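Here the structure is laid out as structure tokens; the discussion comes afterwards.
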Amino acid sequence: MTRASQANGENVSTPAEEPVIAQKGPYKVELLATYRYAWCACGLSKWQPFCDGSHTSKPGFKPKVWIQEKDQTAFLCGCKHSAKFPFCDGTHKKL
Ligand code: FES
Ligand code: FES
């Protein structure tokens, strides 16, 4: 099992910590151009697949934040183990 944050080359302060699997499959969402999104990396958010601030209780995790460039239907990772987060890359099938 590969942590998404490690696969992305980020330094994680607590490497033993695993993200919580919010759902073993992606969330289909409609992303809107110019909006700012924050994908939950820790898995604790009650507002999946987006961050609700719950990561403050899980050291080493922070959301992936981006400004959406175009309107797009997307499948955002729910298992929190995708190497291509915030998007699903199929890793959930191996969990
Ligand atoms: Fe995480 Fe597909 S839901 S890789
Ligand atoms: Fe999970 Fe913010 S609640 S990253």
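The values are calculated or read from the model by the stated rules, or taken from the named source; none is laboratory data. Because the structure is predicted, anything quoted here is derived from the model rather than measured. In this analysis, Cβ positions are derived from the backbone assuming ideal geometry, glycine residues included, and neighbour counts consider all displayed protein chains.
Among the criteria (1) out of contact with any Cys (no Cβ under 9 Å at 6 or more places or on another chain); (2) at pLDDT 95 or above, the one V65 does not fulfil is (1). When segment 82-95 is filtered for residues that are in contact with a strand residue (DSSP E or B) (Cβ under 7 Å, 6 or more places away or on another chain) and within 7 Å of ligand 1 (Cβ to nearest atom), only C88 remains. I'd like to check something: does segment 18-32 contain any residue that is closer than 23 Å to K93 by Cβ and modelled with pLDDT under 95? Checked against the condition, which is being closer than 23 Å to K93 by Cβ and modelled with pLDDT under 95, segment 18-32 yields at least one hit. Please specify each residue of segment 72-81 satisfying the condition of being in contact with a Gly (Cβ under 8 Å, 6 or more places away or on another chain) and within 6 Å of ligand 1 (Cβ to nearest atom). Residues satisfying the conditions are G78, C79. Residues in segment 64-78: is at least one farther than 18 Å from P26 by Cβ, within 13 Å of ligand 2 (Cβ to nearest atom) and over 9 Å from the mean Cα position of the chain (by Cα)? Yes: one or more hits. The set of residues from segment 47-73 being touching a Lys or Arg at 6+ places or on another chain (Cβ under 9 Å) and among the hydroxyl-bearing types (S, T, Y) comprises S54, T73. Here is the figure for segment 47-67: residues that are under 24 Å from A33 (Cα atoms) and either part of a loop (DSSP other than H, G, I, E, B) or more than 15 Å from ligand 1 (Cβ to nearest atom) (or both) total 11. Taking residues in segment 84-95 that are at pLDDT below 95, and partners anywhere that are within 16 Å of ligand 2 (Cβ to nearest atom) and of a type outside the set (V, I, T), the pairs with Cβ atoms closer than 7 Å and at least 6 places apart or on different chains are L95/C79; L95/H81.
Summed over segment 34-69, the residues that are surrounded by 14 or more Cβ atoms within 10 Å (Cβ to Cβ) and over 19 Å from E18 (Cβ atoms) give a count of 4.
Find the residue count for segment 23-37, including only residues that are over 14 Å from F75 (Cα atoms) and part of a loop (DSSP other than H, G, I, E, B). Qualifying residue count, segment 23-37: 3.
Here K70 fits the description: of a type in the set (K, R) and in a loop (DSSP other than H, G, I, E, B).
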